[in-house]
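Written out below as structure tokens is the structure these notes cover.
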Amino acid sequence: MPTDPQRIDDLSQTDLVRFILDVIHRSSLHYGFWFSEIRHQMGTARALEALRGAYERSLTIQVNRLAEVLGFELEDGLPKPLLAMDRSRLKSLAEGLALNWLSNDGVWFQAVEFRDGMNDAKRCNDSAWAQFSPLEAWSIKRLLNLPDRPGLDGLRKALQFRIYALINPFTLLEESPESLVLQMNDCRVQSTRKRKGLADYACKSAGLVEYTYFARSIDDRIMTECVGCPPDPHPDEWYCSWRFTLKTSSMFEEGSFK
């Protein structure tokens, strides 16, 4: 940056680029603050209702503005350069965005951990997942046009469209018509620690929040049970595993759920 810039026109070409990236960052934070404050003031249901309208309008405005400024064409409201991109490159773009998302998660965790310690970092991490998992479930239900209560079939489909699905291989096993098991066969966080000779990160508390809130937001009848998650011991085939059970009236009558 210049020693004492008085206005944007004082910035060099390089610093102007840095400024533009910072504007994108600020805009993203402001967008998120709006959702967070509506949820705080009016509740989650009202915030999601507002988000539905805001998302559509915002996406249209942002894409049209970028098309005008950067000079690319749109087709059905979507950037034609992306529509014309080779499918493998488009998939790489999606994976890159997913990896950036995961990196940001780690950056925030360490920002708290290095300053305030592991306990505060885990507490903030678990609370962040309690907010993000229902929002991701809402986004996926909207994207796939799933009904309000899509059952385990809906959950099975939704799990394939999480951001994690782009970067962590997993297996879904159907135990019964009312029970589905997820096994996370690889985890970038845990496998990285393994390569460095470190013990598994104890992520069970976060996982209980993440998977419970996600499944419940897909269908409020789905119960989540941890089969195993670090610090629990686990086989080489998976790092964590979760069982999802669809509650039925007969289960209540038998006392399986209280």
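The values are calculated or read from the model by the stated rules, or taken from the named source; none is laboratory data. Nothing here was measured: the structure is a model prediction, and the numbers come from that model. Here the Cβ is made from the backbone with ideal geometry for all residues, glycine too, and neighbour counts use every protein chain on show. Calculation scope for accessible area: heavy atoms of the full protein, side chains included, ligands and nucleic acids excluded. Shrake-Rupley method; radii C 1.70, N 1.55, O 1.52, S 1.80 Å.
Couple of notes before you dig in:
- Farthest positive-ward along region 62-171 dipole, Cα basis, beta-carbon charges - from 119, 155, 81: 155
- Local electrostatic count, residue 231, Cβ distance below 14 Å [Lys/Arg +1, Asp/Glu -1]: +1
- Net charge of the neighbourhood of residue 125, taken over other residues with C-beta under 11 Å away and scored Lys/Arg +1, Asp/Glu -1, is -3.
- Angle of helix 204-218 to the longest C-alpha principal axis of the chain, folded into 0 to 90 degrees and rounded to 10: 90°.
- Accessible area expressed per residue, the chain, with surrounding protein chains retained (probe 1.4 Å, Å²): 66 Å²
- Cysteines without a disulfide-compatible neighbour (Cβ-Cβ under 4.7 Å), the chain: 124, 187, 203, 226
- Residues of type lysines that residue 194 reaches as a straight line, Cα spacing below 19 Å, ignoring anything fewer than 8 places off in the same chain: 204
- Under 16 Å from the Cα of residue 157 - lysines, other chains or at least 8 residues apart: 141
- Residues of type lysines that residue 80 reaches as a straight line, Cα spacing below 20 Å, ignoring anything fewer than 8 places off in the same chain: 91
- Under the convention that each Lys and Arg Cβ holds +1 and each Asp and Glu Cβ holds -1, the size of the dipole of the chain around its Cα centre is about 20 debye.
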